[in-house]
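Let me begin by presenting the structure, written as structure tokens, before commenting on it.
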Amino acid sequence: MRRLIEMVLFLLLCFSIVTTAQASDEVIDVYGGISYNTYSFDYHNDMVEHTKDDDDGINPSKIKGDESYFAGARFWLNNNLGFGIEGEELEASTNALAYDNNDDEVRYITGNGVFEAETTGLMATINYRLPQELYNDKVIFILGIGQYDSEYKVANGLITGEDKTIGGKLGFEGEYSITDNLALVARGMYRYANTDDDSIAFEDQSLYDNLPENGGDASKFDTQEDYDRLINNFNQRNIVDFSGFEVSLALKIRF
């Protein structure tokens with residue numbers, strides 16, 4: 001929630017600065033809405049796909065799509081070309097995390113709070129509106145490039161990490177006018193937001209307190225070796241991958 005509030009405040013600040021600088025005959029769009037997303041998380045989902053029926057009766061779930069929120073502002077230089085800013089916050093979770101322990105056996109961490117991740121994207125956008133004679137100024141193509149900040153925790157915070165990556169979005173939107181200055185917008189986009197392999201950090205100071213021989217919860221990790229194998233797999237693969245498709249609905253106000 002803190003990230004979302006910071007993002008909205010930043011967008012409002014940018015909007016107020018640009019609004020002050022704009023001439024009265026130029027057009028500004030401000031919009032916000034909700035999206036349904038698909039996420040990649042290829043490594044975890046591949047493990048789940050190949051091990052749905054485990055001998056222990058564990059069926060770990062895939063990290064699936066979820067709702068997210070976004071907001072932005074767009075400043076038109078002419079009838080067809082505009083520039084803007086846009087932010088969004090995405091969340092993902094699963095209650096059974098699958099991983100390969102490097103000896104051809106898939107292991108699981110199960111229970112509430114097994115894997116929770118969120119990322120906030122803030123980007124600059126280039127917008128191209130199709131000429132009026134084609135779609136009556138109702139279709140816009142969008143390209144966005146910016147930074148995604150991701151945070152996640154595994155096994156109720158036994159492993160935590162954060163990362164930043166340059167990502168982007170590409171897609172289009174169409175609008176249905178409600179009034180001269182208010183419109184309902186539908187969008188279809190593809191997002192790339194995949195962390196780098198070598199930039200994941202871990203906090204494992206609580207590991208030893210949670211190992212069985214130290215009186216900890218045996219359901220988290222059976223041995224030190226299990227933990228080490230999990231860390232190695234996380235370091236070798238992009239576990240936080242919010243890349244995917246989104247379908248969005250938003251309200252847009254034109255000034």
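Annotations
- If you go through the stretch 37-59 and pick out every residue that is in contact with an Asp or Glu (Cβ under 8 Å, 6 or more places away or on another chain) and at pLDDT below 70, you end up with 1.
- The stretch 63-95, subset open to solvent by 20 Å² or more (accessible area, probe 1.4 Å) and acidic (Asp, Glu), residue farthest from Asn37 (Cα to Cα): Glu91
- Positions within the stretch 149-186 being at pLDDT below 85 and either of a type in the set (Lys, Arg) or not in a strand (DSSP E or B) (or both), in sequence order: Lys153, Ala155, Asn156, Gly157, Leu158, Lys164
The values are calculated or read from the model by the stated rules, or taken from the named source; none is laboratory data. Please read these numbers as outputs of a predicted model, since none were measured by experiment. Heads up, the Cβs are rebuilt from the backbone with ideal geometry, glycines too, and the neighbour counts pull from every protein chain shown. Side chains are part of the model used for accessible areas, which takes the heavy atoms of the whole protein and leaves out ligands, DNA and RNA. Shrake-Rupley method; radii C 1.70, N 1.55, O 1.52, S 1.80 Å.
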